[in-house]
Amino acid sequence: MKLLTNRHLRISMAAISAVALLGVTACGSSTPSGAASLSSATAGAGASAAAAPSAAAGLSATAGSSAAAAPGTGSAIPDTSAILTAVKVDSALAAKVPAAIKSAGTLKVGSNVQSPPNNFYAADGTTVVGYEKDLMTAIAAQLGLKVTYSDMAFASLITSLAANRIDVTIAGMNDNKTRQQKIDFVDYFNSGITIMVQKGNPTGIKSSADLCGKSIAVVTGTSQEDFASAESTTCTKDGKKALQVTATDSDSQNQTQLRTGRVAAILNDLPSAVYISRTAGDGKYFQVVNQPPVDGAPYGIGVSKTNSALTGAIQGSLQKLIANGQYGAILKAWQVQSGAATKAVINGG
């Protein structure tokens, strides 16, 4: 077996402990791909579990959701409404919000709503749920704002910020030096890349080194796509076959390809993999390859470089949520507390 390079060993320790915490080895997903603008309410509303595809316009996003499980999900969406309704406006932080946003009373959030437990659709196909959704709602609430969501392809999020179609983005986007050249980040979570295969691992993938010559699926514009390209180069340099990479705009498409055997593996971030392992097909569809996550990096809330005042307001709001325990309560409710950030840092990736 090929020895892992330094790149393979850049491990997110927080993500590793998430596996131990949740006690899972299997991973599957029925994540949805949406395609519309979402309006959100800051009051908690009941939502049943499991993601469902949606392409409807005018979709709603609740602040909290009830823990009713849908058939075949293997898990329940936590009820975070009490946590979110306890978040109060901080007048000092609210004063930092740019005048145009404060006047509108809403924060326009762009996301790729198809990645549980980060953000995804509940069983009704319209309600947005997830720990990122809850975090963004709490951050905005302290700033005296509500949130409106736009569901779009991951690869279009940064360009949408540049075009001022949205104010911020939160979508499990890694804060890295390349992206920092285009936008600023307020870091809110720590994660890393992992490998998902069919339950039982019929192709025998035990580590990243076993991906050479295999067909894999990734989402366009993600760190997983970058990792796949780099891994493929490593394979060919070692005299092995390159990876056969399929990139799509939807993780749900990738999961369908894996279930039907058109690809041997999917690259995904660990929080999604852990959640999926407990939900898709009651945990009977997929599993996570037992190796430490690679290329560990923080997730960041993206903000335009021309909007430093908003970046500061969001950083301040997130830092207060971390300090007062409400941030931790949200992550604990979603069982992803192992990836918690200890400080709201700007461009820490």
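The numbers here are math on the coordinates, done by the rules we state, and not lab data. Computed from a predicted model, the values in this text were never measured in an experiment. As a convention, Cβ positions derive from the backbone with ideal geometry for all residues, glycine included, and neighbour counts pool all protein chains shown.
Partner lysines whose Cα lies under 19 Å from the Cα of residue 237, excluding those fewer than 8 positions away in the same chain, are identified as 2, 214.
Put simply, the amide H of residue 215, placed in the peptide plane, has neighbours under 5 Å in 244, 264, leaving out anything fewer than 5 places away on its chain. Placing R0 at 41 angstrom, the Cβ-Cβ distance between residue 236 and residue 124 gives a FRET efficiency of 0.30 after rounding to 0.05.
What are the semi-axes of the equivalent ellipsoid of region 160-305, taken as the square roots of 5 times the eigenvalues of the Cα gyration tensor, listed largest first and rounded to whole Å?
27, 18, 13
For region 110-125, backbone phi angles converted through the Karplus equation (6.51, -1.76, 1.60; θ = phi - 60°) give residue-by-residue couplings of x, 8, 10, 7, 6, 9, x, x, 4, 7, 6, 8, 6, 4, 6, x Hz, Gly and Pro being listed as x.
The string of couplings for region 154-170 from the Karplus curve (6.51, -1.76, 1.60, θ = phi - 60°) is 4, 5, 9, 5, 5, 5, 5, 5, 4, 8, 6, 6, 9, 8, 9, 10, 9 Hz, one whole number per residue in order, with x for Gly and Pro. Sorted ascending by nearby beta carbons within 10 Å, beginning with the fewest, 249, 282, 79 become 282, 79, 249. Listed cross-link partners 177/284; 108/343; 133/284; 284/320; 177/199; 146/305 are compared with a 30 Å cut-off, the Cα-Cα value being larger for 177/284; 284/320; 177/199. Which residues does the label zone of residue 309 cover in region 153-173, counting backbone N under 20 Å from a point 7 Å along Cα→Cβ? Residues 161-169 qualify, since their backbone N sits under 20 Å from the label point. Distance between the C-alpha centres of region 222-259 and region 272-298: 17 Å, rounded to the whole angstrom.
Residue by residue, region 84-93 carries 3J(HN,Hα) couplings of 6, 6, 7, 6, 10, 5, 9, 4, 5, 5 Hz when phi is fed to the Karplus relation 6.51 cos²θ - 1.76 cosθ + 1.60 (θ = phi - 60°); x denotes Gly or Pro.
Taking a ≥ b ≥ c as the square roots of the eigenvalues of the alpha-carbon gyration tensor, region 178-230 is classed prolate because a/c is 1.5 or more and a/b outweighs b/c. Model label points for residue 206 and residue 246, set 7 angstrom from Cα along the Cα-to-Cβ axis, are 2.7 nm apart.
Close amide H partners of residue 341, meaning residues 5 or more places away or on another chain with modelled amide H under 5 Å apart, are 190.
Mind running the shape call on region 82-160? Use the C-alpha gyration tensor, a ≥ b ≥ c as the square roots of the eigenvalues: rounded below 1.5 for a/c, prolate if a/b tops b/c, oblate otherwise. Oblate, since a/c reaches 1.5 and b/c is not below a/b.
Using the alpha carbons alone, the radius of gyration of region 135-213 stands to its Kirkwood radius in an Rg to Rh ratio of 1.11. When each of 177, 102 is scored by the number of other beta-carbon atoms lying within 10 Å, the sequence from fewest to most is 177, 102. Looking at this model, which pairs from 88/332; 182/241; 206/241 are more than 25 angstrom apart at the alpha-carbon? Correct reply: 182/241.
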